[in-house]
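The values are calculated or read from the model by the stated rules, or taken from the named source; none is laboratory data. Nothing here was measured: the structure is a model prediction, and the numbers come from that model. Every residue, glycine among them, receives a Cβ derived from its backbone with ideal geometry; neighbour counts consider all protein chains shown. These accessible areas exclude ligands, DNA and RNA; they are computed on the full protein's heavy atoms, side chains included. Shrake-Rupley method; radii C 1.70, N 1.55, O 1.52, S 1.80 Å.
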Amino acid sequence: MQRIAFLRSVDIQRADPYIHGIAPALAQLGAEARLFHTHGDCGPELFPGTSERLDPAATPDEFVARVRAWGADAAVAISLPDENALRDAVVKTKLEALGIRTVMTPLAATRVLCDKWETKRALEAHGITTPPAVLVDSDLLNDRALPVPAYPDTVRLAAQDLGYPLMAKPLWDSTSMGIEFIPDPAALDRHLAARPAAHAVLEKCVSGRLCSVDIVGAGGHYTVMPLIWTGTAGGPPAFTFEDLRYVDPTRDDGFRPTARRLVDLCTALGVEGSVNVDMIHADGVYHVLEINPRIGGATTLSIAASGLNTYAALLDILGGAWPARAGAPAERFAIECLTANPTPALLAELRARIDLVTCHDLIIDGHDHGGILTFTVNPGDEQRAVKELTALCAQTGFIPAPMLDKIRRLLTPASR
């Protein structure tokens, strides 16, 4: 193995600093890497190899052609969100037909996991709790198929059986895009009258704590990464990064039975690489909302809390060294929140005071959301970390006071 292509969509900065952890594995394999990416800039300080930029609208065949032209012997997919994961699964199929081994969940399984309704069916078949729902066919609502005048009424009656409030989720979208909160029958009438363009899953809205988990592995050997808490659920959808996101190594919220069933599902689907599972914890039960067939938006937190580098693990899978370890329990607190955009001086001060993982501008679809701060705290060091953050925030105000209070309550139980 001499040349390994990495397939990427969003900015590689969001994989910093852990993408650099592939360098030792590349050296061990005697390989060089090249990043084939569609967004952002990439230099040697951002990726341990070379890079090629493709148009965001590049087809799978264009990816295949560029990867082959470079002379790749193998490939690894690290794209997100779901539409790019589907693209990479197609690329995998085409590359492997040419003898180029590619680490990515196979196309058939990726299709299931990109489709929220098919995912629900798979979850139910494996005894995993998922909110009850009904599939809403936009073709029938928009008279694009056989005329069925009674169809809107069948949706209304199904919604009545599910019980309000509900969430209407586009069948194929991800990262909370396009989700509509439907609190009552009148809101559903408005939703149906608007004739939504895409098929949707009309799902019972569950109130509880939002959480997610990454699962990494292949061939029946999977590591369930630490559970990440990301906010609250039960009302209109919120921006994914709006609330405090964290791993708490001091708590066990009874996730293990659900984790075992999720591993069984990954085994049955033949997952290869990493998937991200979104859930709501309510009344002691984990309600699985969806499984994204890719690395997640909180993969950095998973790695920071566990010490298992997902990107290096993907190379272990490629090189046949997986599984590298049996599990990845949370070893430390890992915390992520939005801040003011970081300056070099602020970054230097942060590094001097806390165990900073990364802090960089969060830009999504051209919109600047501020800085995204990720840091870890070892058990026993909570009081010192809170003191340092409080002092720095008093000087700069770079973390909003309500967010700082949440961090304080997480790390100091007496204030919870």
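Quick notes on this structure:
- In the stretch 325-335 there is at least one residue that is within 27 Å of residue 104 (Cβ to Cβ), open to solvent by 60 Å² or more (accessible area, probe 1.4 Å), among the aliphatic types (A, V, I, L, M) and not in a helix (DSSP H, G or I).
- Among residues of the stretch 159-170, those that are part of a helix (DSSP H, G or I) and buried (at least 16 other Cβ atoms within 10 Å of the Cβ), counted: 2
- Members of the stretch 1-40 that are small (Gly, Ala, Ser), crowded, with 21+ Cβ neighbours inside 10 Å and part of a helix (DSSP H, G or I): 15, 25
- Within the stretch 296-353, being over 20 Å from residue 270 (Cβ atoms) and polar (S, T, N, Q) holds for 299, 300, 302, 306, 309, 339, 341, 343.
- Only one of 31, 65 that is of a type outside the set (D, E, K, R), without any contact (Cβ under 8 Å) to a residue 24 or more places away in the chain and over 23 Å from residue 214 (Cα atoms): 65
- Scope the stretch 405-416; condition open to solvent by 20 Å² or more (accessible area, probe 1.4 Å) and either over 19 Å from residue 243 (Cβ atoms) or in a helix (DSSP H, G or I) (or both); matching residues: 405, 406, 408, 409, 413, 414, 415
- Residues in the stretch 141-160 that are in contact with a helix residue (DSSP H, G or I) (Cβ under 8 Å, 6 or more places away or on another chain) and either among the polar types (S, T, N, Q) or at positive phi (or both): 1 in all.
- Options 55, 16; residue that is under 18 Å from residue 314 (Cβ atoms) and of a type in the set (D, E, K, R): 16
- Test result for residue 315, under 27 Å from residue 361 (Cβ atoms) and aliphatic (A, V, I, L, M): no
- Some residue of the stretch 78-89 being within 25 Å of residue 320 (Cα to Cα), touching a strand residue (DSSP E or B) at 6+ places or on another chain (Cβ under 6 Å) and not aliphatic (A, V, I, L, M): yes
- The one condition in (1) at pLDDT below 95; (2) of a type outside the set (Asp, Glu); (3) open to solvent by less than 30 Å² (accessible area, probe 1.4 Å) that residue 218 fails to fulfil: (1)
- Selection within the stretch 130-147 - in contact (Cβ under 8 Å) with a residue 40 or more places away in the chain and either within 24 Å of the chain's Cα centre (by Cα) or part of a loop (DSSP other than H, G, I, E, B) (or both): 130, 131, 132, 133, 135, 137, 142
- Among the candidates 189, 173, 243, 253, residue that is outside any strand (DSSP E or B) and touching a His at 6+ places or on another chain (Cβ under 8 Å): 253
- Residues in the stretch 342-352 that are buried (at least 16 other Cβ atoms within 10 Å of the Cβ) and outside any helix (DSSP H, G or I): 342 only.
- Among the residues of the stretch 41-71, those that are touching a Leu at 6+ places or on another chain (Cβ under 8 Å) and either surrounded by fewer than 11 Cβ atoms within 10 Å (Cβ to Cβ) or not in a helix (DSSP H, G or I) (or both) comprise 42, 47, 48, 49, 50, 51, 52.
- Being among the acidic types (Asp, Glu), open to solvent by 50 Å² or more (accessible area, probe 1.4 Å), within 27 Å of residue 89 (Cβ to Cβ) and out of contact with any Ser or Thr (no Cβ under 6 Å at 6 or more places or on another chain) holds for only one residue in 264, 252, 283, and it is 264.
- Only one of the listed residues (93, 50) is modelled with pLDDT of 95 or more and under 30 Å from residue 17 (Cβ atoms). That residue is 50.
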